[in-house]
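Working notes, structure below.
The values are calculated or read from the model by the stated rules, or taken from the named source; none is laboratory data. From a predicted model like this one, the values you see are computed outputs, not experimental measurements. So basically every Cβ, Gly included, is an ideal-geometry build from the backbone, and we count neighbours across all protein chains shown.
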Amino acid sequence: MIFEQVRTGGCLSYIVGCEESCAAAIIDPESSLIDKYLAFANHHGLQFHYAIDTHTHADHFSGSLALSRKLGLPIVMHRESPAPFVTMHVDDGEMIALGTLRIEVLHTPGHTIDSMTLKVDGRLFTGDTLLIGGTGRTDLPTGNADALYDSLFGKLLKLDADLEVCPAHDYQGRTTSRLGTEVESNPRLQKKERAAFVELMRTLDLDAPKHLTEALRTNRSGGKTVSQLLAEATEKVPFMSMAEVRRRVQTRDNDLLLLDVREKEAFDTGHLPGAVHLPRGQLELRVNTMLPDPRQRIVVYCELGLVSTLAAATLKDMGFDRAVALDGGATAWREAGFELETS
């Protein structure tokens, strides 16, 4: 079996493939790694056939939908998944054919109701059900400590001790483990009685994942993340450096209009010399009166350079072909010691 683990921070995703047919699947793809997956497949002559999520992730952004749109891949999840874009639902005891390989599906709820473990060629892709030295948490939406106990002690831990455990997360730089090793040394698995295990999970008192709300929203609905919106806007918009803008301000370049899209208080406190104020929230509604000439060369800026990128992309969509974004923002301009005006 072709096997590649791909790490970003504590998130682990996997490329598995059939050596004979070069058919491959991506397990728990992360949205920021799409190009890396494609480069690996191209280098090794692989053809992706599936994007598989072991569960609905709450702490990172799944890349399955992006891969599906880019390559036409089926998206595989357990039948309990709420995501409307899943094209292949699977359940306990079923298999996914990948060339000569067979990926066995084990429904292992507990971390989430749709959690599943995938068994293929001596490896267990456990998602967040079983981690190295730990287990998935059960205090997030659809989590259930009793269900996790059953999934672990009633199913996974009864499998061959030599199976290699490949989890979806590890924040200590570890890669894989053996199931037998986890049975012997994983602290949470030493709570062999249901009541003790459930009490342990109930009292973990863990911090909420950093991107919980956005991750659940996008992974459940297929909506776009803020990072995706910014990436798409960046692909549409040229940028102009602060040094170049300052040079043009000093030479009184009448062909250039500086557009400040911050709120009024920020604009009044200090803005680039000669800038016109049009808050981002009012851009579409006031653009025809404030910016009547779509041929005008416009440099859009905000406080940090993010909102201005989105605003410049919106102007592009509305026909302002010469709209560009300042490479940076008012904060960087101020820190560079460049001149500001106040209202």
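Worth a mention:
- In region 300-323, the residues that are out of contact with any helix residue (DSSP H, G or I) (no Cβ under 6 Å at 6 or more places or on another chain), more than 13 Å from Arg280 (Cα to Cα) and crowded, with 20+ Cβ neighbours inside 10 Å: Phe320
- Meeting the requirement of 1 or more residues that are more than 30 Å from Val76 (Cα to Cα) and hydroxyl-bearing (Ser, Thr, Tyr), the helices (runs of 4 or more DSSP H) wholly within region 166-278 are 179-185, 226-236, 264-269.
- In this structure, Phe197 does not qualify as touching a residue at least 12 places away in the same chain (Cβ under 8 Å), among the aromatic types (Phe, Trp, Tyr), surrounded by 14 or more Cβ atoms within 10 Å (Cβ to Cβ) and over 30 Å from Thr56 (Cβ atoms).
- Of all residues in region 139-171 being surrounded by fewer than 17 Cβ atoms within 10 Å (Cβ to Cβ) and in contact (Cβ under 8 Å) with a residue 60 or more places away in the chain, the one that is nearest to the chain's Cα centre (by Cα): Tyr171
- Taking region 156-165 as the range and being aliphatic (A, V, I, L, M) and part of a helix (DSSP H, G or I) as the test, the residues that pass are Leu156, Leu157.
- Filter result for Arg262 (charged (D, E, K, R), closer than 22 Å to Trp333 by Cα, in contact (Cβ under 8 Å) with a residue 12 or more places away in the chain and in contact with a strand residue (DSSP E or B) (Cβ under 6 Å, 6 or more places away or on another chain)): no
- Test: residue in region 85-103 that is aromatic (Phe, Trp, Tyr) and in contact with an Asp or Glu (Cβ under 8 Å, 6 or more places away or on another chain): no
- Just one of the listed residues (Ala195, Ala231) is at pLDDT 95 or above and not charged (D, E, K, R), namely Ala195.
- Any hit, region 117-134, residues being among the acidic types (Asp, Glu) and more than 20 Å from Gln5 (Cβ to Cβ): no
- No other residue among Gly93, Gly72 is touching a strand residue (DSSP E or B) at 6+ places or on another chain (Cβ under 8 Å) and either outside the structural domain of Val198 (by TED's automatic domain parsing) or on the phi > 0 side of the Ramachandran plot (or both) apart from Gly93.
Rundown of residues vs (1) modelled with pLDDT of 95 or more; (2) touching a helix residue (DSSP H, G or I) at 6+ places or on another chain (Cβ under 7 Å); (3) hydrophobic (A, V, I, L, M, F, W, C), yes/no style:
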| residue | (1), (2), (3) |
| --- | --- |
| Leu46 | yes, no, yes |
| Tyr50 | yes, no, no |
| Ser62 | yes, yes, no |
| Leu71 | yes, no, yes |
| Ile75 | yes, yes, yes |
| Leu98 | yes, no, yes |
| Leu101 | yes, no, yes |
| Ile113 | yes, no, yes |
| Met116 | yes, no, yes |
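- The set of residues in region 11-52 being in contact (Cβ under 8 Å) with a residue 60 or more places away in the chain, closer than 22 Å to Pro84 by Cβ and of a type in the set (D, E, K, R) consists of Asp28 alone.
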